[in-house]
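Only one structure is covered here, and it is reproduced in the block below.
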Amino acid sequence: MATRDSVDDLLQQCEDALRFAQDQYQDGRMQEHFNDSGYADALSYLENAYNDLTTLAHSANAQQREQLHRMRLQLQQLQNQMIITPH
């Protein structure tokens, strides 16, 4: 079973990844393709956070799974926006 601390730590890591990715997304929209490495790093962080959420969800209780699922949806939404938006 996942501990409260491990879930909280992972959610914090995901929020950090979201903040970084949102910054890169905004920069990418303004600078177009001049910030490719930061943009790619942000997508990579989002993907890693998503994979970590999926892994932890297997050992989480119902309430924790719901929290992780909501965060996963946020990660996916930003990731999809970053992928379809020309930068």
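Every read-out reported here was derived from the displayed coordinates using simple, explicitly stated rules and does not represent laboratory data. Because the structure is predicted, anything quoted here is derived from the model rather than measured. Positions of Cβ are generated from backbone atoms using ideal geometry, with glycine treated the same way; all protein chains shown enter the neighbour counts.
Overall, the ratio between the Cα radius of gyration of the range 10-58 and 2.2 N^0.38 Å, rounded to two decimals, is 1.24.
Roughly how tilted is helix 62-84, in degrees to the nearest 10 and between 0 and 90, from the longest Cα axis of the chain? Taking Cα atoms only, the helix is inclined about 10 degrees.
From the helices alone, meaning DSSP H stretches of at least four residues, give me the mean residue ellipticity at 222 nm for the chain, per-run term -39500 (n - 2.57), in deg cm²/dmol to the nearest 500.
After summing the helix terms and dividing by the residues of the chain, the value is -29500 deg cm²/dmol.
Magnitude of the charge dipole for the chain, about its Cα centre and with charges confined to Cβ atoms of Lys, Arg (+1) and Asp, Glu (-1), is about 360 debye.
Report, to the nearest 10°, how far helix 4-31 tilts away from the longest principal axis of the Cα atoms in the chain, using its own Cα long axis and a range of 0 to 90°. For helix 4-31, the angle is close to 10 degrees.
Convex hull volume of the Cα atoms in the chain, per residue, in Å³? Let's see the in-between values first.
Working: hull volume 5.7 nm³, N = 87.
For the chain, the hull spanned by Cα atoms encloses 65 Å³ per residue.
For the chain, find the longest principal axis of its Cα atoms and tell me its angle to the long axis of helix 36-57, 0 to 90°, nearest 10. Taking Cα atoms only, the helix is inclined about 10 degrees.
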